[in-house]
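Remarks on the structure that follows.
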Amino acid sequence: MPTSSPAPSPQRLIVKIGSALLVDPSGGVRREWLAGIAADIAARVAQGQQVAVVSSGAIALGARRLGLPKGGRASLEDAQAAAATGQIALSQVWAEVLGAHGLTAAQMLLTLDDLEDRRRYLNAAATLDRLLSLGVVPVINENDSVATAEIRFGDNDRLAARVGQAAGADQVVLLSDVEGLYDADPNTHPAARLIERVETIDATILSFAGAGSGSGMGSGGMRSKLQAAQIATAAGIALVIASGKRDNPLRDPGGTLFLPQRGASPRKAWLAGRLTVRGKVAIDAGALKALRAGSSLLAAGATSVEGRFARGDVVDIVSSDRPVARGLSEYDSDDAARILGTKTDAQAEILGYAPRSALVHRNYLVLL
């Protein structure tokens, strides 16, 4: 793969910081390192950039204060208690280090539902936009004190990518305890090569992902970072995976640059980046060809329905058990199942009302 050229300077930047960078092994804040990050952010703001931070660390900080085992992750209840306790400390330290440079910090706590629900997503986007336009530095974290498995991102890499979408960012930088994406595990393969530039996230790139975080302190890993890169680049946002294990890492992040793809419309980018769907609709080869040509999904090309969903819910469109598109269903799951494989002129008699123009309209559908 070609070597990278420096990523263009973004107007609006999202910086994600992992727990292993912000919290030392004893559970204390790495304040000197954090002060360096604050200085980097202040320098970028002085250059006219707008910066938001997605900061991990609340659970690790809270676990130390509460004396909880396993870094506060022994149970869901421990993690929620640790998050509630640690978030206060996390917000305070960010306010202090940014305030030292004359910057105002703001706190935003989000759950998966806040960015999966379209109305709440737009509300979060409006808040982010206003804060950034005022020169404030939003500090964002998952609301782990209330989130359960069903409504969790589970890692801040994908949260950062979704925040990048909501904020209309140009670039997302994931600072972690790894240098970037390698073609093999550098811990076990000394000759592993750092991939500096990725134009397309294909099967080969995805095969380079290992599971788990290097420190054992956080919840992410290279797999979650590549998922974040898919979300960001599909929305026309560049993403960088870089090491934060040095002072002032934002001065020259280096690492691996994932180039943005041609940006979809805001609604379609939101659809493509969703992490949850209500159901699935399987399609035949003819329907797949039509979708790729830009058509809506018609009931005639659908072969089966899975899950329970209502009209307006998000569904995956699958071919050979692989998601190929995602969109808003025009029917609930029961009615969708009733008209599978039928032509439009036969659907009124089956449904008892005038059929809609499509099962999933192309205006509310995005290819994956």
Fill in: Filter result for Leu271 (at pLDDT below 95, crowded, with 20+ Cβ neighbours inside 10 Å and farther than 30 Å from Leu22 by Cα)
yes
Response to the item:
Going through segment 341-360 in order, the residues found to be crowded, with 17+ Cβ neighbours inside 10 Å and within 15 Å of Ala287 (Cα to Cα) are Thr342, Ala358, Leu359, Val360
Discussion item. Cβ-Cβ distance below 7 Å, separation of 6 or more or different chains: which pairs start in segment 100-115 with a residue that is touching a residue at least 40 places away in the same chain (Cβ under 8 Å) and over 12 Å from Val139 (Cβ atoms) and end on one that is in a helix (DSSP H, G or I) and of a type in the set (Val, Ile, Thr)?
Written reply: Thr111/Ile151; Leu112/Ile151
Discussion item. Being touching a residue at least 12 places away in the same chain (Cβ under 8 Å), part of a loop (DSSP other than H, G, I, E, B), in contact with a strand residue (DSSP E or B) (Cβ under 6 Å, 6 or more places away or on another chain) and not assigned by TED's automatic domain parsing to the domain that holds Val315 narrows it down to one residue among Gly254, Gly236; which is it?
Written reply: Gly254
Worksheet item: Does segment 157-174 hold any residues that are more than 21 Å from Arg267 (Cβ to Cβ) and at pLDDT below 95, and which are they?
Response: Asp157
Worksheet item: If you take the residues of segment 288-347 that are over 28 Å from the mean Cα position of the chain (by Cα), in a strand (DSSP E or B) and hydroxyl-bearing (Ser, Thr, Tyr), which of them is nearest to Leu275 (Cα to Cα)?
Response: Ser304
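The values are calculated or read from the model by the stated rules, or taken from the named source; none is laboratory data. Remember, predicted model here, so these are calculated numbers, not experimental data. As a convention, Cβ positions derive from the backbone with ideal geometry for all residues, glycine included, and neighbour counts pool all protein chains shown.
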